[in-house]
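Enquirer: Have a look at this one.
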Amino acid sequence: MVGGERDLKTLDRRLSTIAGHLLPLAYISGGPPHIHPSFASSTSAGDRYRRIHGDVPTHEVSWSPALDESGKGFTDIIYQKAVGEGIAKITINRPERRNAFRPQTVKELIRAFNDARDDSYIGVIILTGKGNDAFCSGGDQALRGSDGYADYDGFGRLNVLDLQVQIRRLPKPVIAMVAGYAVGGGHILHMVCDLTIAAENAIFGQTGPKVGSFDAGYGSSIMSRLVGPKKAREMWFLCRFYNASEAEKMGLVNAVVPLEKLEQETVKWCREILRNSPTAIRVLKSSLNAVDDGHAGLQELGGNATLIFYGTDEADEGKMAYMEHRKPNFSKFSRKP
Ligand SMILES: CC(C)(COP(=O)(O)OP(=O)(O)OC[C@H]1O[C@@H](n2cnc3c(N)ncnc32)[C@H](O)[C@@H]1OP(=O)(O)O)[C@@H](O)C(=O)NCCC(=O)NCCSC(=O)CCC(=O)c1ccccc1C(=O)O
């Protein structure tokens with residue numbers, strides 16, 4: 001093949017690739033056609049990715065109980081890991097209180113999230129609530145005192161704020177799996193998760209101003225990002241509840257599925273993520289949070305750059321020179337344009 005012919009073929013191939021990525025006209029004029037998330041696919045039938053990888057498996061997941069390094073059990077949560085796949089599931093287990101959290105609940109959640117972060121086999125974490133009535137109804141109002149929420153030791157705390165930061169900084173995707181109520185501090189917990197899969201019976205909303213509370217941190221700023229400043233004011237000022245399909249339209253959730261399919265669909269999303277590069281996912285999570293998280297967000301993103309840089313010969317040359325008491329030879333590394 002002569003040069004010109006080859007160039008034309010390359011151009012033709014590139015044009016068809018670009019065309020494949022463009023939205024169909026119907027999308028642009030009338031918005032996307034409604035595809036039930038269960039049937040939505042990451043790839044079009046017959047494309048190369050699908051031929052190589054096949055469909056995302058939908059077989060039933062098998063959970064086994066998990067502990068953290070302390071070996072201590074949990075009372076307020078259930079911590080599980082999927083057998084043979086990198087998924088952890090953390091369940092708030094106070095259904096008699098609509099999964100309201102107390103300081104003990106939050107301490108246990110922090111322990112479980114820490115463990116899932118440290119376990120290199122785990123790539124995705126699901127946060128959910130026990131039963132079908134509630135994901136989480138926020139702070140346990142029966143334990144609220146003048147200095148926060150107090151349980152065993154009598155000291156008031158707002159340790160759920162530490163949990164929110166932990167979820168944001170955790171370098172693995174966290175998926176909120178919501179059935180029933182996600183209200184008050186429970187609504188904020190789902191918002192700080194990376195993705196939310198909701199059952200058709202899910203109900204979302206803030207209640208703080210009704211019960212003399214508010215979250216002026218992530219609960220306000222992240223919400224404003226998710227649903228827009230006007231809608232965020234509506235949610236906080238009026239304290240209305242929104243059903244799953246309203247929440248989906250507002251951009252609060254990624255998908256709405258029948259209640260009986262909730263875990264199956266959530267696990268499918270986990271499996272789809274687990275097929276992808278963990279480092280790409282890690283850096284993307286920190287970059288998607290970076291602007292909103294200010295210096296802490298940049299620090300997280302910057303830490304990822306350092307982590308990746310340590311894997312290069314250039315960084316290794318610096319370390320080896322120090323260890324061998326010699327000058328580093330950085331001249332062999334190009335100053336890339
Ligand atoms: C969730 C409901 C809408 C469910 O209604 P329904 O299905 O009819 O059930 P009920 O009969 O109301 O509830 C069953 C049972 O559970 C108890 N319960 C439910 N929620 C709580 C709760 N949050 N605290 C304590 N107890 C709760 C309820 O009393 C019943 O018990 P009985 O013994 O049978 O009476 C509805 O239950 C409801 O509206 N719940 C209250 C929701 C709420 O207002 N939550 C608190 C919002 S404020 C908050 O979460 C602050 C949290 C916080 O820590 C914080 C502080 C400062 C900054 C940030 C944060 C933060 O981000 O979290």
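The values are calculated or read from the model by the stated rules, or taken from the named source; none is laboratory data. Source: prediction; values computed, not measured. Cβ placement follows ideal geometry from the backbone for every residue including glycine, while neighbour counts extend to all protein chains displayed. Note: areas computed on protein heavy atoms with side chains; ligands, DNA, RNA excluded. Shrake-Rupley method; radii C 1.70, N 1.55, O 1.52, S 1.80 Å.
Enquirer: Just checking, how many residues over the range 291-337 are of a type in the set (S, T, N, Q) and within 33 Å of the chain's Cα centre (by Cα)? Give the steps one after another, and end with the answer.
Expert: Within the range 291-337, the first condition is being of a type in the set (S, T, N, Q), and the residues that meet it are 299, 304, 306, 312, 329, 331, 334.
Now restrict to residues that are within 33 Å of the chain's Cα centre (by Cα): 299, 304, 306, 312.
Final tally of qualifying residues: 4.
Enquirer: Let me ask another. Within the range 89-106, track down each residue that is basic (K, R), within 16 Å of the ligand (Cβ to nearest atom) and touching a strand residue (DSSP E or B) at 6+ places or on another chain (Cβ under 8 Å). Working first, answer last.
Expert: Of the residues in the range 89-106, the ones basic (K, R) are 89, 94, 97-98, 102.
After this cut, where a residue has to be within 16 Å of the ligand (Cβ to nearest atom) as well, the list is 94, 97-98, 102.
Passing the criteria: R94, R98, R102.
Enquirer: Checking the structure you have, find out if any residue of the range 207-220 is surrounded by fewer than 21 Cβ atoms within 10 Å (Cβ to Cβ), of a type in the set (V, I, T), touching a helix residue (DSSP H, G or I) at 6+ places or on another chain (Cβ under 7 Å) and closer than 21 Å to I273 by Cβ.
Expert: Scanning the range 207-220, I find no residue that is surrounded by fewer than 21 Cβ atoms within 10 Å (Cβ to Cβ), of a type in the set (V, I, T), touching a helix residue (DSSP H, G or I) at 6+ places or on another chain (Cβ under 7 Å) and closer than 21 Å to I273 by Cβ, so the answer is no.
Enquirer: Hey, can you tell me all the residues within the range 64-88 that are open to solvent by less than 50 Å² (accessible area, probe 1.4 Å), touching a strand residue (DSSP E or B) at 6+ places or on another chain (Cβ under 8 Å) and without any contact (Cβ under 8 Å) to a residue 40 or more places away in the chain?
Expert: Scanning the range 64-88 gives S64, D76, I77, Y79, Q80, A88.
Enquirer: Related question: If H34 meets every condition in (1) at pLDDT below 50; (2) open to solvent by less than 90 Å² (accessible area, probe 1.4 Å); (3) assigned to a loop (DSSP other than H, G, I, E, B) apart from one, which number is that one?
Expert: So the condition that H34 fails would be (2).
Enquirer: I need the full set of residues from the range 99-112 which are open to solvent by less than 10 Å² (accessible area, probe 1.4 Å) and under 17 Å from I188 (Cα atoms), in order please. Let's see the steps before the verdict.
Expert: The first filter runs over the range 99-112 and keeps only residues open to solvent by less than 10 Å² (accessible area, probe 1.4 Å), leaving 99-100, 103, 105-106, 108-109, 112.
Across the range 99-112, the qualifying residues are N99, A100, P103, T105, V106, L109.
Enquirer: Give the residues of the range 107-134 that are under 17 Å from the mean Cα position of the chain (by Cα) and within 16 Å of the ligand (Cβ to nearest atom), sorted by residue number.
Expert: The answer is L109, I110, F113, L127, T128, G129.
Enquirer: What about V192, is it within 11 Å of the ligand (Cβ to nearest atom) and farther than 14 Å from S137 by Cα? Reasoning before the result, please.
Expert: Values: within 11 Å of the ligand (Cβ to nearest atom): yes; farther than 14 Å from S137 by Cα: yes.
The answer is yes for V192.
Enquirer: Separate question: Of the residues that sit in the range 287-337 and are closer than 30 Å to S224 by Cβ and of a type in the set (A, V, I, L, M, F, W, C), which one is most open to solvent (accessible area, probe 1.4 Å)? Don't jump to the end; show me each part of the working.
Expert: Looking only at the range 287-337, we keep the residues that are closer than 30 Å to S224 by Cβ, and these are 287-305.
Okay, now just the ones that are also of a type in the set (A, V, I, L, M, F, W, C), so 288, 290-291, 296, 298, 301, 305.
Details: L288: 134, A290: 9, V291: 118, A296: 52, L298: 105, L301: 51, A305: 61 Å².
Here the answer is L288.
Enquirer: Checking Q264 against (1) farther than 16 Å from Q206 by Cα; (2) in contact with a Phe, Trp or Tyr (Cβ under 6 Å, 6 or more places away or on another chain); (3) not hydrophobic (A, V, I, L, M, F, W, C), only one condition comes out false. Which one?
Expert: Unmet condition: (2).
Enquirer: While we're here: Quick one: in the range 135-162, of everything that is over 21 Å from the mean Cα position of the chain (by Cα) and near the ligand (Cβ under 7 Å from one of its atoms), which residue is most open to solvent (accessible area, probe 1.4 Å)? Lay out the reasoning, then the answer.
Expert: Here is the first cut: in the range 135-162, the ones over 21 Å from the mean Cα position of the chain (by Cα) are 139-158.
Okay, now just the ones that are also near the ligand (Cβ under 7 Å from one of its atoms), so 139-142, 149, 158.
Details: G139: 11, D140: 8, Q141: 83, A142: 79, Y149: 30, L158: 101 Å².
Among those that are over 21 Å from the mean Cα position of the chain (by Cα) and near the ligand (Cβ under 7 Å from one of its atoms), it is L158.
Enquirer: State all residues of the range 199-223 that are in contact with a Leu (Cβ under 7 Å, 6 or more places away or on another chain) and within 7 Å of the ligand (Cβ to nearest atom); if no residue qualifies, say none. Talk me through it step by step, then tell me what you get.
Expert: Within the range 199-223, the subset in contact with a Leu (Cβ under 7 Å, 6 or more places away or on another chain) is 199-201, 204, 217.
Answer for the range 199-223, where residues must be in contact with a Leu (Cβ under 7 Å, 6 or more places away or on another chain) and within 7 Å of the ligand (Cβ to nearest atom): just G217.
Enquirer: Give me a count of the residues in the range 224-245 that are within 16 Å of the ligand (Cβ to nearest atom) and either free of Cβ contacts under 8 Å to residues at least 12 places away in the same chain or closer than 18 Å to S137 by Cβ (or both). I'd like the intermediate steps shown before the answer.
Expert: So in the range 224-245, the residues within 16 Å of the ligand (Cβ to nearest atom) come out as 224-226, 232, 235-244.
After this cut, where a residue has to be either free of Cβ contacts under 8 Å to residues at least 12 places away in the same chain or closer than 18 Å to S137 by Cβ (or both) as well, the list is 224, 235-236, 238-244.
Going through the range 224-245 one residue at a time, the tally reaches 10.
Enquirer: While we're on this one: Does M323 meet the test of being of a type in the set (A, V, I, L, M) and either under 30 Å from D133 (Cβ atoms) or at pLDDT below 95 (or both)? Before you say what the answer is, go through the steps one by one.
Expert: Details: of a type in the set (A, V, I, L, M): yes; either under 30 Å from D133 (Cβ atoms) or at pLDDT below 95 (or both): no.
Spelling it out, it is not the case that M323 is of a type in the set (A, V, I, L, M) and either under 30 Å from D133 (Cβ atoms) or at pLDDT below 95 (or both).
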